[in-house]
Amino acid sequence: MLRRMTAWYLRWLRRAFLLAGWTPADVLHALDVRSDGSGWTYTWSSADELRHIPGWVRNRLNAWIGGDGQVLTSGSQRLAAAAQEVEEQRRRRVKERERRWAQRVEAGGEDGPAARARALLVATSPSFAAALRRTGLRCRNAR
């Protein structure tokens, strides 16, 4: 159905969406689904039934323009933002876990069991000694 439009006119209709970072797949998705995720209540069984295809495209895409005239975020942009948020939460959890681990290790003191275990590992494993230096934890026998 979109092939009945000129490439120039189709680009002109999609221009605002592509400038907002939408992909061509996002635009095709917007022609089938409204911005709230619901499908359109009517479909066309044949492109021949449409009298004005550019008007149909404009009508479907206008559902993705907000009240302020700005293009709403596309489905892929929403997924990317959600994935970024999940990754940031994971990083925060890892940092918190490392901070708690460091506190627990330091809580043993220089003469506690954790310090003795570190000293034994440093004496037997050069790679552990290097890792210990990278973390900034103290150990009597660390070189």
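Values in this text are rule-based calculations from the coordinates and carry no lab data. As the structure is a prediction and not an experimental result, all values here were calculated from the model. Neighbour counts run over all protein chains shown; Cβ positions are idealised from the backbone, glycine included.
The residue pairs whose first member lies in the stretch 1-14 and is among the polar types (S, T, N, Q), whose second member is surrounded by 11 or more Cβ atoms within 10 Å (Cβ to Cβ) and not in a helix (DSSP H, G or I), and whose beta carbons are closer than 6 Å, counting only pairs six or more residues apart or on different chains, do not exist in this structure. Being free of Cβ contacts under 8 Å to residues at least 24 places away in the same chain and β-branched (Val, Ile, Thr) holds for only one residue in VAL27, VAL86, and it is VAL86. Just so you know, in the stretch 1-41 the residues that are within 22 Å of the chain's Cα centre (by Cα) and of a type in the set (Phe, Trp, Tyr) include one that is nearest to SER74 (Cα to Cα), and it is TRP22.
Can VAL57 be described as more than 14 Å from LEU2 (Cβ to Cβ) and either out of contact with any helix residue (DSSP H, G or I) (no Cβ under 9 Å at 6 or more places or on another chain) or surrounded by 11 or more Cβ atoms within 10 Å (Cβ to Cβ) (or both)?
Working: more than 14 Å from LEU2 (Cβ to Cβ): no; either out of contact with any helix residue (DSSP H, G or I) (no Cβ under 9 Å at 6 or more places or on another chain) or surrounded by 11 or more Cβ atoms within 10 Å (Cβ to Cβ) (or both): yes.
When the stated conditions are applied, VAL57 does not pass them.
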